[in-house]
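Colleague: Following this message is one structure expressed as structure tokens.
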Amino acid sequence: MTQQRSAMYGLISRIFIAEMDEHTLSLLEKLPNAQELFPNYFEWDERQKRSRYKLINEILNVDFADIAVLHLIPYETFYTTEEGMIESGGANPVLQVYNDYGFRVNYEKARVVSPDHIGVELEFMKLLVDAQQRAEEEGDEEAATRLKVEQKRFLQEHLLQFAPMYLINVAEQARTPFYKDAAALATEFLLEDYEYLVQEQV
């Protein structure tokens, strides 16, 4: 279960943090449950008609630019501050949490302007789940429980404060089945994962 949660956080983080590339898309399509996760994408005519290169560069990455850079804003503080401004400085609410766990944002690689980007927050959740898995493997139940408490808190105080709204907008405004499917998948997973952590009574 923990490994599956980590894999899902890694998958949706990668989708929303940067444009698609051939290697990542190929890996995604080979997932055992890929057609279940991305049903509309697999039925999409353009996927059959175009070369992989053209599909990515002429369609998918144009759509990504629309939903992540030009028209929609994937940053927590945009949704949670009265001014509707992205807080890119030291006052950003996620920075202290990241610092507590030694998590550093690679701004060049991620090409984000602030640490509260949805893709970065999802990556941080993956880090917490991976740490939980290591604790479980080492038989440290106390550490594993503490990490699940932190995951629940981070979802409650950060991701769930804005991600569902952003993802609903993506589902409505994306022009490709790929990003519509990805938005639906991410929304469903985040809500289910939070429910799982609540039921774990952490």
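Colleague: Using a 10 angstrom cutoff on alpha carbons, build the Gaussian network for the chain and name the most mobile of Val112, Val62, Val170.
Modeller: Its mean-square fluctuation being the largest, the pick is Val62.
Colleague: Still on this structure: For a Förster distance of 30 Å, can you work out the FRET efficiency between the beta-carbons of Glu82 and Asn40, rounded to the nearest 0.05?
Modeller: The pair Glu82/Asn40 has a calculated efficiency of 0.25.
Colleague: Could you work out the relative contact order of region 2-199? I mean the mean sequence separation of Cα pairs under 8 Å and 6+ apart, divided by the number of residues, in percent. Please list the in-between numbers first.
Modeller: Details: 208 pairs, mean separation 63.2, N = 198.
Reported as a whole number, the value is 32 percent.
Colleague: Something else now. Evaluated at 10 °C with a viscosity of 1.306 mPa s, what Stokes-Einstein diffusion coefficient in µm²/s does the chain have when Rh comes from the Kirkwood expression over alpha-carbon pairs?
Modeller: Numbers: Rh = 17.6 Å.
This corresponds to a translational diffusion coefficient of 90 µm²/s.
Colleague: Angle, helix 141-154 long axis vs. longest principal axis of the chain, Cα atoms, 0 to 90°, nearest 10?
Modeller: Approximately 60 degrees, to the nearest 10.
Colleague: Still on this structure, please answer the following. In whole Hz and in residue order, list the ³J(HN,Hα) couplings for region 125-135 that follow from phi through the Karplus curve 6.51 cos²θ - 1.76 cosθ + 1.60, θ = phi - 60°; x for Gly and Pro.
Modeller: 4, 4, 4, 5, 5, 4, 5, 4, 4, 4, 4
Colleague: Provide the gained length on full extension for the span Leu27 to Glu136, in nm with one decimal, where the gain is 0.36 nm per separating residue minus the Cα-Cα distance. It would help to have the intermediate numbers written out before the result.
Modeller: Numbers: separation 109, 0.36 × 109 = 39.24 nm, distance 2.79 nm.
Computed gain between Leu27 and Glu136 is 36.5 nm.
Coordinate-derived values only; no laboratory data. Since we're looking at a predicted model, the values are computed, not measured. As a convention, Cβ positions derive from the backbone with ideal geometry for all residues, glycine included, and neighbour counts pool all protein chains shown.
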